[in-house]
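Everything below concerns the one structure shown next.
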Amino acid sequence: MKKLIYVPIIHMSADLGSIAKQVDKRGIAGFGEEFWKRHRETISGFWDIIIKYFSNLEARDFKIYQDGLVADGKVGQKIVEEGIKGGSKNYEVINDLLKRGAILVQTENFNLVKEERDRIVKITQAKTITRKLMAYLKYRLAKNKLLKKRDNYIAKRIDETLNHGETGILFVGAYHNIIPKLSKDFQLTEVKEAKKVRDYQRLLLHYRKNEEEFEELAKYLISPVVC
């Protein structure tokens, strides 16, 4: 039996690289500075809980699979280090696991990740409303197909590289759909419920209409892990 610890994640601004400032700028413009600050504090608190959970876990020889990670070895380690420099708690927890004997595994296909990032960058860098709308529509049309390709690739990588009796840790955005695509010989531990993480992100856009539910989900994200 293979074991997989599944962490459905929400990306911090620090994980978004060159588009982080644009995302924060649009977040403040759309929701107000106070609300956006609380949202960022919730995401930071979520990662603090994840860090605490893994700090108590024996991680030697565990294999780490990470959303967007297109290399392992020295290049993968460099990606982790650069992420930490940028303030990523996601890469902070991974680095701690590596120091305790975990193994970084190339998780994604470079071309697929680059295609998605390039489409998002085109939206954020568009100089006119018309160009921004066109870039957004093109991204929306390609998004689901691209996400499915990425999910298929990630699932295949886990199946091929995680051996019987080994444990893997998967850090991946909550909107990915990896688990159903894996072979059946997996024992799964879900660190946070993916549906609740997705619901928080979904209600973020309409929080004024669902304020009570949104606040409950925010509390769940920063509550101690029970699994």
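The values are calculated or read from the model by the stated rules, or taken from the named source; none is laboratory data. Quick caveat: nothing in here was measured; it's all calculated off a predicted structure. Positions of Cβ are backbone-derived with ideal geometry, glycine not excepted, and every protein chain shown enters the neighbour counts.
Taking the criterion of being more than 9 Å from TYR6 (Cα to Cα) and among the basic types (Lys, Arg), the residues of the stretch 165-202 that qualify are LYS181, LYS184, LYS195, LYS196, ARG198, ARG202. Within the stretch 179-211, being among the hydrophobic types (A, V, I, L, M, F, W, C), farther than 16 Å from TRP47 by Cα, in contact (Cβ under 8 Å) with a residue 40 or more places away in the chain and part of a loop (DSSP other than H, G, I, E, B) holds for one residue alone: LEU182. LYS156 passes every criterion in (1) closer than 27 Å to PHE62 by Cβ; (2) at pLDDT below 95 apart from (2). Screening LEU69 on (1) loosely packed, with under 14 Cβ neighbours inside 10 Å; (2) aliphatic (A, V, I, L, M); (3) not in a helix (DSSP H, G or I) shows it passes everything except condition (1). The residue that is farthest from ARG202 (Cα to Cα), among those in the stretch 158-171 that are out of contact with any Lys or Arg (no Cβ under 9 Å at 6 or more places or on another chain) and buried (at least 18 other Cβ atoms within 10 Å of the Cβ), is LEU170.
Of the candidates GLU82, GLU58, the single residue that is outside any helix (DSSP H, G or I), at pLDDT below 95 and exposed (fewer than 14 other Cβ atoms within 10 Å of the Cβ) is GLU58. Here the condition is being farther than 27 Å from LYS25 by Cβ, of a type in the set (Gly, Ala, Ser) and surrounded by 14 or more Cβ atoms within 10 Å (Cβ to Cβ); of ALA174, ALA126, ALA155, it holds for ALA155 alone.
A single member of ILE169, ILE154 is outside any helix (DSSP H, G or I) and either within 19 Å of the chain's Cα centre (by Cα) or acidic (Asp, Glu) (or both), and it is ILE169. Of the candidates LYS52, LYS25, LYS74, the single residue that is over 20 Å from the mean Cα position of the chain (by Cα), in a helix (DSSP H, G or I) and modelled with pLDDT of 90 or more is LYS74. Residue by residue through the stretch 1-22, note down the ones that are modelled with pLDDT of 70 or more and under 18 Å from the mean Cα position of the chain (by Cα). Selection gives LEU4, ILE5, TYR6, VAL7, PRO8, ILE9, ILE10, HIS11, MET12. Looking at this structure, is LEU141 buried (at least 17 other Cβ atoms within 10 Å of the Cβ) and either under 21 Å from GLY173 (Cβ atoms) or touching a strand residue (DSSP E or B) at 6+ places or on another chain (Cβ under 7 Å) (or both)? Criteria not met by LEU141.
Checked against the criteria, GLU115 does not count as part of a loop (DSSP other than H, G, I, E, B), without any contact (Cβ under 8 Å) to a residue 60 or more places away in the chain and over 16 Å from the mean Cα position of the chain (by Cα). Candidates in the stretch 97-110 are the residues that are farther than 16 Å from THR167 by Cβ and of a type outside the set (Phe, Trp, Tyr); of these, the one that is surrounded by the fewest Cβ atoms within 10 Å (Cβ to Cβ) is LYS99. Pairs are defined by a Cβ separation below 8 Å, a sequence spacing of at least 6 or placement on different chains, a first member in the stretch 213-225 that is in contact (Cβ under 8 Å) with a residue 60 or more places away in the chain, and a second member that is acidic (Asp, Glu); the pairs so defined are ILE222/ASP48.
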